[in-house]
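Values in this text are rule-based calculations from the coordinates and carry no lab data. Given the structure is predicted, the values throughout are model-derived calculations rather than measurements. With ideal geometry, Cβ positions are generated from the backbone for all residues, glycine too; neighbour counts draw on all protein chains shown.
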Amino acid sequence: MSTRQLPGLLLASLAALSTAGPATASNLIDATYGAGVGSFEVGSFAPRGTGNFNFQSLLGGATTITGWLVGGVGVDWLSTPNYGASDGLHAVDLGYYDAGAGSMAISVPTVIGATYALSFDAAAVPGFPSYHNAGTVSAGSFTAAFAPGYSPLNDFEGQVFEAQQFSFVATSAHTTLTFAASVADTSYGPVIDNVSISLSALPVPEPAVAWLWLAGLAAMPALRRLSARRQRADNAA
């Protein structure tokens, strides 16, 4: 290779390094814990009863839903056909049946500095405007509020789910994603389902690191020539 070609190669390498795309766009929750975990499909479901009681109330500290830790007072694990779900058979109401705000948390492996896409579906509990349907979502240092619109009165089977989309930058090798109801004494909503985290962009390397890497590339031809000289000297001896 001509040394005249080297600057162009180095610049191209730096550009490729700084714009490298994600290796995968799969859901990290399902990839880590198993298919369906992001949609609350996996676990030991034991409903309170039939009809309107086709849900399981889980107190804070419960790990009944695979991969997820219940926090706060508790949550209700809903099931079709009596309650709507946007993906699969189940969804989670962040308000506990006997009144009290709950939360759901899960941890996934992340790359420090990488950008991740966070998406989920949220629905208001079908009822009167006095029901509380506001919640928050957090991932590492990222926090955002969400509040789905109200579904038709008492139509629990036809809850209207709205897509929610955010992004965050990972600050550690494991990131905890947490959903929480915003009103302390709520027993209704919001309902969440179809949670996904996927890699959007790899971190851009620090300039000093990038230039050290490029300096190493630049030194490679000289090292090759030195190695060739030593080999010829050894052969001559």
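Values as computed for the structure displayed
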{"item": "Shape call, segment 52-179: gyration tensor on alpha carbons, a/c limit 1.5", "result": "prolate"}
{"item": "Rounded FRET efficiency, nearest 0.05, which uses the C-beta distance separating SER172 from THR80 and R0 of 30 Å", "result": "0.25"}
{"item": "Label-to-label distance, nm, for residues given as ALA99 and SER119 (7 Å Cα→Cβ offset)", "result": "3.9 nm"}
{"item": "Chymotrypsin sites (Phe, Trp or Tyr not before Pro) within segment 67-174, DSSP loop, no more than 11 other Cβ atoms inside 10 Å", "result": "none"}
{"item": "SER200-LEU89 FRET efficiency (beta carbon distance; Förster radius 22 Å; 0.05 resolution)", "result": "0.15"}
{"item": "THR50-GLN165 pseudo-label distance in nm [points 7 Å out on the Cα-to-Cβ vector]", "result": "4.2 nm"}
{"item": "Length released on extending from ILE112 to ALA31, taking residue separation times 0.36 nm less the Cα-Cα span", "result": "27.3 nm"}
